[in-house]
1. Determine the pairs where a residue that is on the phi < 0 side of the Ramachandran plot, located within segment 56-85, has a partner that is open to solvent by 30 Å² or more (accessible area, probe 1.4 Å) and of a type in the set (S, T, Y) with Cβ atoms under 8 Å apart, the partner being 6 or more residues away or on another chain.
2. Hey, can you tell me all the residues within segment 416-436 that are open to solvent by 60 Å² or more (accessible area, probe 1.4 Å), in contact (Cβ under 8 Å) with a residue 12 or more places away in the chain and not charged (D, E, K, R)?
3. Looking only at segment 398-452, which residues are among the β-branched types (V, I, T), farther than 27 Å from E374 by Cβ and touching a helix residue (DSSP H, G or I) at 6+ places or on another chain (Cβ under 7 Å)?
4. Is there any pair with a first residue in segment 8-37 that is over 16 Å from H302 (Cα atoms) and a second that is open to solvent by 100 Å² or more (accessible area, probe 1.4 Å) whose Cβ atoms are under 9 Å apart and which are 6 or more apart or on different chains, and what are they?
5. When V360 is evaluated against the numbered criteria (1) within 30 Å of V137 (Cβ to Cβ); (2) without any contact (Cβ under 8 Å) to a residue 40 or more places away in the chain; (3) among the β-branched types (V, I, T), which criterion, by number, is the only one it fails?
6. Restrict the check to segment 76-92 and report whether at least one residue is open to solvent by less than 10 Å² (accessible area, probe 1.4 Å), closer than 24 Å to V306 by Cα and more than 22 Å from the chain's Cα centre (by Cα).
Amino acid sequence: QKKKLLEELGGNRLPYMTPADADFHQLWKTKYSKLIYRKSDTVPDKLHQIVQEGFLTLQKHDCFFQDLVRIKGKDFVTPVSRILIGNPGCTYKYLNTRLFTVPWPTEGYDIKYCSPQIHDACKALIRLNDYLHIEAVKALQGQNLSETKEVKDTAVIDKEKNFAASLTEKGSISKDQSSCCVPEDDYISLKNRTSYNLTLLNYMDPLQMLYLKQEPYFGMGNMAVSWHHDENLVERSTVAVYSYSCEGSAMEESNEQKLKGRDPAVWHVGLKVAWDIETPGLAIPLHQGDFYLMLDDLNMTHQHCVLAGFSPRFSSTHRVADCSRGTLEYIFRQCELALQNLQTDSDSMALSLKSLETAVVKQVEEIHNEVEFEWLRQFWFQGKRYLKCTDWWLKPMAKLEEFWRKMEIMTSLVLSEVGKEEQIEEQRNETISCFLLVLTERQKLRKEWTAR
């Protein structure tokens, strides 16, 4: 699609607007109304202080890492350094790389941090998370009330109003916020679309980068993050981004200049309607402590990029990650399901399989692959770096390895069973052909991971 779009442009640039343009607010209101932007002075000073101290603490302890991601079969190191912080046992997958949360302090969990400062930084981020959750509820509330044409029945609106009010009064979220489940109803409740279960923190110093990609469609300048939709999110959930650029006097001077287009010294978020060359783009400046919300389906209908300024910048990007297949709880359940097919003889202690039915064998071997390639290899591929913050993941990973060893034994048992003479030919061939498919996939993935 990108190639097609660039061909269509034929070397021309699409128009875009910044707040300096007369029609900027009109364009925002008509084409980008689900982007909500708040200046830093709307956020409590105390919150700014603890969050910004938290960023600097994590940087001082070398907790930001560049990720090795995979795009179209090739590996790339991200220009931005990141760390994932969130609910214990949650993960977030993007560009074929699974990140594992450094857990923020959560009731009922024993989390040992490498230093009290790292504990305080994680605590500050859960405070920011609570604040942004309430702001997102209020913003969605405002949208619901203003969109009178498409108003849902008043009972639902009243329910949402009451919910937003109770949240604002309490100033925090209820305990079941850690739930990662997505209801199957057509209408995902306001709460589930704003209860962020993790934040992906980013850091980049543009002056340390030898090369940054140029924005290709509008000529907006250096990009820290290319055009994209955020992935692995609950459908129509809000994304909240808090921005902290370490601005100094040199940056402010540069802001005085009257430039055509966006000021290259200042960080911006760029927005465009996905794969559209009719609608002008937007470039919105991000100063120290500003935040923005991408509401409802904006992340699906539009794309966004991050345009680099001159100063180093941190951001905290709060998400409702789709954890249906991305929590420890889920993968442990899968392991227990697979191991139901393994039995131990009470006398000889010999292991054997309860069933050789094709469907059972296939399910077990697919879970075997999932544990190895979605969890163990993803963790140990980049996982040692998490030890700079906490050793929380080591115990669950050891438990998963134990499950994986048992599944390796189960694979050997299938092989020895299908090798026996007394097997019925037809059933045996069926088992072998389905088993072979999963084994071939395992072999291919092992080669790929070894190469990575």
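The values are calculated or read from the model by the stated rules, or taken from the named source; none is laboratory data. Here the structure is a predicted model, which is why all the values come from computation and not from measurement. Don't worry about glycine lacking a Cβ; one is built from the backbone with ideal geometry, like all the others, and counts go over all protein chains shown. Each accessible area value is taken on the protein alone, full model and side chains, heavy atoms only, with ligands, DNA and RNA left out. Shrake-Rupley method; radii C 1.70, N 1.55, O 1.52, S 1.80 Å.
1. Q59/Y203; F64/Y203; V80/Y203; S81/Y203; R82/Y203
2. Q427, I432
3. The first filter runs over segment 398-452 and keeps only residues among the β-branched types (V, I, T), leaving 409, 411, 414, 418, 424, 431-432, 438, 440, 450.
Okay, now just the ones that are also farther than 27 Å from E374 by Cβ, so 424.
Once the filter is applied, which keeps residues that are among the β-branched types (V, I, T), farther than 27 Å from E374 by Cβ and touching a helix residue (DSSP H, G or I) at 6+ places or on another chain (Cβ under 7 Å), segment 398-452 yields nothing.
4. Cβ pairs passing all conditions: P19/H25; A20/K258; A20/K260.
5. (1)
6. no
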